[in-house]
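The values are calculated or read from the model by the stated rules, or taken from the named source; none is laboratory data. Because the structure is a prediction, the values reported are computed rather than measured. Cβ: placed from backbone, ideal geometry, glycine included. Neighbour counts: every protein chain shown. For the accessible areas, the whole protein counts, side chains as well, though only heavy atoms, and no ligand, DNA or RNA atoms are used. Shrake-Rupley method; radii C 1.70, N 1.55, O 1.52, S 1.80 Å.
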Amino acid sequence: MKNYDTKKILGISGIVMATVPLMNGCAEVKAEEPPKPNIIYILADDLGYGDLSCYGQQHFQTPNLDRMADEGIKFTQHYAGASMSAPSRCALMTGMHTGHATIRDNFSATRERVPLTPEDVTIAKLFQNEGYSTAMFGKWGLGELNTTGVPTEQGFDKFFGYINQRDAHSYYPVQLQCNTGNVELAENENGQHGIYSHDLIHDKAMKYIREQAESEAPFLVFLTYTLPHAELLVPDDDLMKFVGKFPEVPYPGGQGGERYLPQPYPKAAYAGMVTRLDRNVGELFDLLKELGIDDNTIVMFTSDNGPHQEGGNDPEFFNSSGGLRGIKRSFYEGGIREPMIVRWPEKIQPGTVTDHISAFWDVMPTMCEIAGIGYPDNIDGVSFLPVLKGAEMDDKDHILYWELNEGPRFKQAVRMGDYKAIRHGLENQVEIYNLKNDVAETIDISDSNPELVEQALNYFATMRTDNPNFPTTERK
């Protein structure tokens, strides 16, 4: 459903009512439409494809997310918008892949953060202008304070969390942001660990959802939690569950330009962070049932990119990439393929598993079609709503594209059916992998498939527009 109306973006919209004729020739009366569904999107930070037990994790369990998968649909070929934070979140919010998006890297070529612009159409703007209450709790990263990119300028009625993504590396910050102002956390001053930011963000989100349920207004909520991003810190109630269970290499802190605090038990901390996140998901579902809105609330869960190795983390030990090649910052599958679970009672067949190929830019049209909201014709995304409802979708023509110039080399990747192409640098040396037969990307078949190389080069050239903030030139 594209039928996009720019007047609605400007706030000109009405309430649609249905008319029902009465018997015996009586006058018509207006009957309200069924309530709009609520949508909650949970975005973990640096969680790998193999970090949930329902995706194969063996070192710890995620029972609440496992239950979500049992009650909903589990995607096996869902992709992040990029292999790092800001461009991935931009693709999610705008329905544009990194060949067209406003933000294509964490920093521009001049090492500045690029904000979303007033012209960017976000999911939140579309829903806000259709009467939804919109909120985000967690990490933003798409525009600093006093820029056009702050959440409240991009369609969110309320924001609480970290505006700046670098600040989100600390779990005991001295301040967070509420809308466009700072909230001081005196309990964390002078290095104190008084308030764990994730817990505060989660509590604020639960309070908001309770308030919205009482108001009976439909809501769209993004829970962009920072777990399990480095630094590796978690309160003792979860840390001590895993201390002594893993062979540990203490992290001394501040290595290689990192500013993370020391952690004597980095593996225990990582396991504790993921399981804390899982417990919070369980608390969310308990709340939805308590409020009586569980049946009319769609919940989506995924992660912004592959697992990290900062702060003493060991993604290899946990098999966080789930047997896939690569981690965060890589365009191999481990850097961009993510766990994705959707739960929608009475609409999604419980226990469904799909290998439908989808990506972050497909979320906008999917959410809009769920809610009956128009969206722009020029986005890169394709709705996967039919898959949620149990139908098959032919995705062979849905080409997925990524680019990144974090440095030192501009790199591109494209998913074209069963095949994946990757190019590091501007030379025409292209790697080709058959993901159907070689999901771990161990055998480069480019030499024996020149037609696939040519096809990939064509996509690399045509699936992007130039952007002066993110040139293809090699960075120093």
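For segment 323-369, give the magnitude of the charge dipole about the Cα centre (Cβ charges: +1 Lys/Arg, -1 Asp/Glu; no others), in debye to the nearest 20. Let's see the in-between values first.
Numbers: 6 positive and 6 negative charges, 58 e Å.
Computed about the Cα centre, the dipole is about 280 debye.
State the antiparallel share, in %, of DSSP beta bridges confined to segment 43-188, rounding to the nearest 5.
Details: 6 of 11 bridges.
Taking every DSSP beta bridge within segment 43-188, about 55 percent pair in antiparallel fashion.
If contacts are Cα pairs under 8 angstrom and at least 6 residues apart, what is the relative contact order of segment 120-273 in percent?
Taking the mean separation of contacting Cα pairs over the length of segment 120-273, I get 21 percent.
Nearest 20 debye, what's the magnitude of the dipole of the chain about its Cα centre given +1 on Lys and Arg Cβ and -1 on Asp and Glu Cβ?
Around 440 debye, computed over the chain.
With no solvent and one point per C-alpha, what does the Debye sum give as log10 I(q)/I(0) for the chain at q = 0.06, 0.09, 0.13 Å⁻¹?
-0.26, -0.59, -1.27
Testing the spin-label approximation: label points 7 Å from Cα along Cα→Cβ at I443 and T472. State their distance in nm.
Placing both labels 7 Å along Cα→Cβ, they lie 3.1 nm apart.
Can you give me the Cα centroid spacing of segment 157-178 and segment 77-91 in angstrom?
20
Just need the relative contact order of the chain here, percent rounded to a whole number, with Cα pairs under 8 Å and 6+ apart. Show your work: numbers first, answer last.
Working: 1093 pairs, mean separation 110.8, N = 476.
Here the relative contact order equals 23 percent.
Using only the alpha carbon atoms of segment 40-187, find the Kirkwood hydrodynamic radius as the inverse mean reciprocal pair distance, in angstroms to one decimal.
For segment 40-187, the Kirkwood estimate is 16.8 Å.
Counting GluC sites (Glu not before Pro) as exposed when in a DSSP loop with at most 10 other beta carbons within 10 Å, what is the longest stretch of the chain free of them?
On the way: sites that count: E28, E32, E112, E119, E216, E346, E392, E427.
The longest uninterrupted stretch comes out as 217-345.
To one decimal place, what Kirkwood hydrodynamic radius in Å is obtained for segment 261-314 from all pairs of distinct Cα atoms?
When all Cα pairs of segment 261-314 are included, the Kirkwood radius is 13.6 Å.
List the trypsin sites (Lys or Arg not before Pro) in segment 201-258 that DSSP assigns to loop (not H, G, I, E or B) and whose Cβ has at most 16 other Cβ atoms within 10 Å. Which are they?
Loop-located and lightly packed - K241, K245.
Between A391, G374, I357, whose Cα lies farthest towards the positive end of the dipole of segment 355-398 when Lys and Arg beta carbons carry +1 and Asp and Glu beta carbons carry -1, centred on the Cα centre?
G374
Charges on Cβ only, +1 for Lys and Arg, -1 for Asp and Glu, centred on the Cα centroid of the chain; of S53, F246, A109, which one is farthest towards the dipole's positive end?
It is A109, whose Cα lies furthest towards the positive end.
Pick out, from Y41, Y270, A186, the residue whose Cα sits farthest towards the positive end of the charge dipole of the chain, with +1 on the Cβ of Lys and Arg and -1 on the Cβ of Asp and Glu.
A186
Express the accessible area of segment 136-252 per residue in Å², computed with a 1.4 Å probe while the remaining protein chains stay in the model. Working shown, then result.
Values: 4710 Å² over 117 residues.
Averaged over the residues of segment 136-252, the accessible area is 40 Å².
Can you give the calculated 222 nm mean residue ellipticity of the chain, where each DSSP H run of n ≥ 4 adds -39,500 (n - 2.57) and the sum is split over every residue, rounded to the nearest 500 deg cm²/dmol?
Taken over the chain, the calculation gives -6500 deg cm²/dmol.
Of the listed pairs K289/K436; K245/K389; K207/K328; K36/K204; K389/K436; K347/K420, which have alpha-carbon separations greater than 30 Å here? If you can, show how the numbers build up before the last one.
Values: K289/K436 40 Å; K245/K389 42 Å; K207/K328 33 Å; K36/K204 23 Å; K389/K436 25 Å; K347/K420 32 Å.
Flagged as over cut-off: K289/K436; K245/K389; K207/K328; K347/K420.
So if I place +1 on the C-beta of Lys and Arg and -1 on the C-beta of Asp and Glu, and nothing else carries charge, what would the dipole magnitude of segment 221-277 be about its Cα centre? I want it in debye, nearest 20. Mind showing how you got there, number by number?
On the way: 5 positive and 6 negative charges, 23 e Å.
In total the dipole reaches around 120 debye.
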